Amino acid sequence: MLGWMCLATIGCSPLAPRPDLSKFYLLAPIASATTATPTNGNLVIGVGPVDFPEYLRRPDIVTRTSPTEIDVSNNNLWGEPLDKNFNRVLRENLAILLNTQNIKAFPWPRDVNVNYQVKVNVQRFEKTSAGQSEIIVQWAIEDGHSGKDLYASETRASTPFGAGDPVGSSALSYNLATLSEAIATEIESLSRRRGS
């Protein structure tokens, strides 16, 4: 009898709705153009393809707990697929840093002629259980017309995150800004050499 009474109340029922504890996060572009580099307004930059590890292609936020182990959160989620968020913010950062809106996402239409193509291979982009956010990215710049390799590099950065950044999204955004600045600096250098 008591069992039936318990099931009849919402608090005792195993079918009672549980509160949704999910929280959603996004990467953020750089905040200002204080470091913007003046460049040719006709310069067209193509970004992509951007290759992302499969273990990061999930809505759940990943924490690396050891070189061979990751923890996947049940409640902390990305507000959009991380690879798409990464790609979008990278383009926004380059637009600010290079002072141009001519940033095209791969694949771009055939009638669009890009001056430089930036190819990105993300090796690591997550927070760790030690309170750090990490990025390891291999990237290359190609001539947009000939496809010739012009420059290749690897960016590694690590930024601590604290209580105000529980999933490391702000720290990861900072790491992405570091990558963006490295790419923008080299594009500006290539553009100057080409123009001279």
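The values are calculated or read from the model by the stated rules, or taken from the named source; none is laboratory data. All values reported here derive from a predicted model rather than from experimental measurement. Cβ placement follows ideal geometry from the backbone for every residue including glycine, while neighbour counts extend to all protein chains displayed. To get the accessible areas, we keep the full protein, side chains included, count just its heavy atoms, and leave off ligands, DNA and RNA. Shrake-Rupley method; radii C 1.70, N 1.55, O 1.52, S 1.80 Å.
If I ask for residues that are under 17 Å from Ser129 (Cα atoms) and open to solvent by 50 Å² or more (accessible area, probe 1.4 Å), which ones from the range 37-71 would you list? Tyr55, Thr65, Pro67, Thr68, Glu69, Ile70, Asp71 - these are the residues of the range 37-71 that are under 17 Å from Ser129 (Cα atoms) and open to solvent by 50 Å² or more (accessible area, probe 1.4 Å). When Asp83, Asp149, Asp143 are checked against the criterion of being without any contact (Cβ under 8 Å) to a residue 40 or more places away in the chain, open to solvent by 50 Å² or more (accessible area, probe 1.4 Å) and among the acidic types (Asp, Glu), a single residue qualifies: Asp149.
You will find that of Asn113, Asn99, the residue that is at negative phi and not β-branched (Val, Ile, Thr) is Asn113 and no other. Close Cβ contacts (under 6 Å, 6 or more residues apart or on different chains) running from residues in the range 49-78 that are within 15 Å of Leu21 (Cβ to Cβ) to residues that are among the small types (Gly, Ala, Ser) comprise Asp60/Ser73; Ile61/Ser73; Asn75/Ser22; Leu77/Ser22.
Within the range 91-136, if we keep just the residues that are without any contact (Cβ under 8 Å) to a residue 60 or more places away in the chain and closer than 21 Å to Glu188 by Cβ, the residue that is most open to solvent (accessible area, probe 1.4 Å) turns out to be Gln101. The single condition among (1) polar (S, T, N, Q); (2) out of contact with any Asp or Glu (no Cβ under 9 Å at 6 or more places or on another chain); (3) assigned to a strand (DSSP E or B) that Asn74 does not meet is (2). Here the range 152-177 is the region considered, the condition is being open to solvent by less than 50 Å² (accessible area, probe 1.4 Å) and of a type in the set (S, T, N, Q), and the residue that is nearest to Val118 (Cα to Cα) is Ser153. Test of understanding: among Pro107, Pro59, Pro53, which residue is within 24 Å of Glu154 (Cα to Cα) and under 14 Å from the mean Cα position of the chain (by Cα)? Every option except Pro53 fails the conditions. Would it be correct to say that Glu181 is modelled with pLDDT of 95 or more, more than 16 Å from Gly48 (Cα to Cα) and among the acidic types (Asp, Glu)? Yes; evaluated as a whole, the condition is true for this residue.
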